[in-house]
Protein chains: 2
Amino acid sequence: MTKPTKVVILDGGALSAREHMVYWQSASDAPMSLPVYSVLVMHADGNFLFDTGFDLEKFRANISPQGAIQTPAQTLPQQLSLLGIAPKNIHTVVNSHYHFDHCGGNHFCSGAVNVCHKAELAAALDPQPFESIGYSDRGFMPVDPDPKRQEDLARRLQTIEGDQEIAKGVFLFETPGHTLGHYSMMVRLSGRRPMLFTADASYTRRALDTMVLSTAHIDPVRGIGSMRRLQSLADEHDAELFFPHDPEEYTNYLKAPGWYN
Amino acid sequence: MTKPTKVVILDGGALSAREHMVYWQSASDAPMSLPVYSVLVMHADGNFLFDTGFDLEKFRANISPQGAIQTPAQTLPQQLSLLGIAPKNIHTVVNSHYHFDHCGGNHFCSGAVNVCHKAELAAALDPQPFESIGYSDRGFMPVDPDPKRQEDLARRLQTIEGDQEIAKGVFLFETPGHTLGHYSMMVRLSGRRPMLFTADASYTRRALDTMVLSTAHIDPVRGIGSMRRLQSLADEHDAELFFPHDPEEYTNYLKAPGWYN
């Protein structure tokens, strides 16, 4: 009998924003605090990590000295240690996309295969002018000046396309628009409804309910299509939606060391 | 000998905005007042109008009771009267695109052919959820409940594609991104550099200089391409750039009853 899958939400701190930076074309300048988290999937095939949060030092250096909160307890190694897992024991890192707040902890997982969408790697390596902040953390990219490290990074990168079941009951669904190669993840569990992590295809529940894209995006038409797809997937699979940056809903999520199974 | 072409800028009032509503992904909430104007081209082939400003009543009814300024002297008929022209003597209305602040005066020009890009009419008739404010003025569309009026509107609509010289020295250049079927216009004159009206492919000079798109858009990648195209066209033709919503530059434009020739 295989071990039942567990899903663990690893708190990664928070980013300050304004409402108009979250909800595209909103007139509101109201301040918001956006949670950031990673999703650990403890599976019979190994430990999978879906997104890895942001790197506080890189955020401060590349984007802004203020605006990010991440205590030592909210770093990826500390969060994983709550489950007794070392970063090197992560088997696969899947990045929904390569924005800085979703790949900042990749570098901790030195033994992992790094999976992302083929279109995402291409986009991150050659970003549009309006994506420079999004793709500001380039630590995971196979462009390291050290040839040995570059070779190691390139060797561990694995790009995929289309919807994929990467392990039994762990599904990646293409949801482009926020970025060109964006994945959402659904995990089937034995004791509850499937969990559908939208990632940045919909920052919050309100965004999905009102069909308002995030202000950061590259293809709004496909982004709307991805929101519709997430609604359909949730209906079809009776899945519970989990949003990446929802200040209200996040307070109700069970976080590490707790888990869903 | 044909009459030399004249270009006249017809003041159409102003719209209130916030900086983040003008410059995509800007953090600034600073207030801005955006000028709105139409361009009259008095040509040997007839009177052409490029864009027609906004309709104050529709703005108040559809978008906001506040936020728009348009005195009676800034309405299209009053502006045209400064040149001794009646709206019915407009030969052709070209809409850069069908956003409310560019087609609001179309209804005054009851004798004109209405030219727009084929892709623009299709987009305006079936807008994306995020385009509902942009396309909120539907008065020009051949969807009038009165069958006779609908027939008249449809008869006068003429959609085109590709770059076009619509009259000698009057060029339309495809510049999509802000909307799907967007045109910029260049006019050659006998006594000065060509005038290149970007329309909403670049709201302001700062936008073009910094390659920052307007917050309202449908295809940012093509929008960046259109900004690059405008720079190239200006260089290639030694054309002077005129921006549609630039509060600083607008103060230096010569307005009706004055003209450029």
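Residue selection: B:His178 fails the criterion of being assigned to a loop (DSSP other than H, G, I, E, B), away from chain A (no Cβ under 14 Å) and closer than 20 Å to B:Ala17 by Cβ. In the range B:188-212, the residues that are buried (at least 17 other Cβ atoms within 10 Å of the Cβ) reach residues that are at pLDDT below 95 with C-beta atoms within less than 9 angstrom, at least six apart or across chains, in these pairs: B:Leu189/B:Pro4. For the condition surrounded by fewer than 16 Cβ atoms within 10 Å (Cβ to Cβ) and charged (D, E, K, R), B:Arg222 does not qualify. Within the range A:27-45, the residues that satisfy the criterion of being of a type in the set (A, V, I, L, M) and open to solvent by 30 Å² or more (accessible area, probe 1.4 Å) are A:Ala27, A:Ala30, A:Met32, A:Met42, A:Ala44.
So that you can scan it fast, the table gives a plain yes or no per residue for (1) free of Cβ contacts under 8 Å to residues at least 24 places away in the same chain; (2) farther than 24 Å from A:Leu254 by Cα:
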site: A:Asp29; (1), (2): yes, yes
site: A:Val41; (1), (2): no, no
site: A:Ala44; (1), (2): no, no
site: A:Phe48; (1), (2): no, no
site: A:Thr52; (1), (2): no, no
site: A:Asp55; (1), (2): no, no
site: A:Lys58; (1), (2): no, yes
site: A:Gln66; (1), (2): no, yes
site: A:Gln70; (1), (2): no, no
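Of all residues in the range B:172-185, exactly one satisfies the criterion of being free of Cβ contacts under 8 Å to residues at least 60 places away in the same chain and either within 18 Å of B:Pro35 (Cα to Cα) or surrounded by fewer than 21 Cβ atoms within 10 Å (Cβ to Cβ) (or both), namely B:Glu174. In the range A:124-141, is there at least one residue being in contact (Cβ under 8 Å) with a residue 60 or more places away in the chain, within 27 Å of A:Leu15 (Cα to Cα), part of a helix (DSSP H, G or I) and open to solvent by less than 20 Å² (accessible area, probe 1.4 Å)? Looking through the range A:124-141, at least one residue is in contact (Cβ under 8 Å) with a residue 60 or more places away in the chain, within 27 Å of A:Leu15 (Cα to Cα), part of a helix (DSSP H, G or I) and open to solvent by less than 20 Å² (accessible area, probe 1.4 Å). The set of residues from the range A:190-223 being part of a helix (DSSP H, G or I) and either away from chain B (no Cβ under 13 Å) or more than 24 Å from A:Cys103 (Cα to Cα) (or both) comprises A:Ala199, A:Asp200, A:Ala201, A:Arg205, A:Arg206, A:Asp209, A:Thr210, A:Val221.
Restricting attention to the range A:227-239, the residues that are in contact with a Ser or Thr (Cβ under 8 Å, 6 or more places away or on another chain) and either part of a loop (DSSP other than H, G, I, E, B) or within 13 Å of chain B (Cβ to nearest Cβ) (or both) total 1.
Number of residues in the range B:46-86 that are surrounded by fewer than 16 Cβ atoms within 10 Å (Cβ to Cβ) and charged (D, E, K, R) equals 2. Across the range A:16-39, what is the number of residues that are closer than 14 Å to A:Thr71 by Cβ and within 14 Å of chain B (Cβ to nearest Cβ)? Looking only at that region, the number is 0. B:Ala207 satisfies every condition listed in (1) under 20 Å from B:Ala14 (Cβ atoms); (2) touching a strand residue (DSSP E or B) at 6+ places or on another chain (Cβ under 9 Å); (3) among the hydrophobic types (A, V, I, L, M, F, W, C) except (2). For the range B:247-261, filtered to residues that are in a helix (DSSP H, G or I) and charged (D, E, K, R), the residue that is surrounded by the most Cβ atoms within 10 Å (Cβ to Cβ) is B:Glu249.
Every residue in the range B:227-246 that is open to solvent by less than 70 Å² (accessible area, probe 1.4 Å) and more than 15 Å from the chain's Cα centre (by Cα), please. Lay out the reasoning, then the answer.
Filtering the range B:227-246 down to residues open to solvent by less than 70 Å² (accessible area, probe 1.4 Å) leaves B:227, B:230-234, B:237, B:239-246.
Residues satisfying the conditions are B:Met227, B:Leu230, B:Gln231, B:Ser232, B:Leu233, B:Ala234, B:His237, B:Ala239, B:Glu240.
Search the range A:102-123 for residues being part of a helix (DSSP H, G or I) and out of contact with any Leu (no Cβ under 6 Å at 6 or more places or on another chain), and hand back the single one that is farthest from A:Lys58 (Cα to Cα). Per the criteria, the residue is A:Lys118. Checked against (1) under 18 Å from the mean Cα position of the chain (by Cα); (2) under 28 Å from B:Met21 (Cα atoms), B:Phe108 passes all but condition (2). Every test in (1) open to solvent by 70 Å² or more (accessible area, probe 1.4 Å); (2) in a helix (DSSP H, G or I); (3) modelled with pLDDT of 95 or more; (4) among the charged types (D, E, K, R) is passed by A:Lys148 save one, and that test is (3).
The values are calculated or read from the model by the stated rules, or taken from the named source; none is laboratory data. Predicted, not measured: the structure shown is a model, and the values here were computed from it. Heads up, the Cβs are rebuilt from the backbone with ideal geometry, glycines too, and the neighbour counts pull from every protein chain shown. Calculation scope for accessible area: heavy atoms of the full protein, side chains included, ligands and nucleic acids excluded. Shrake-Rupley method; radii C 1.70, N 1.55, O 1.52, S 1.80 Å.
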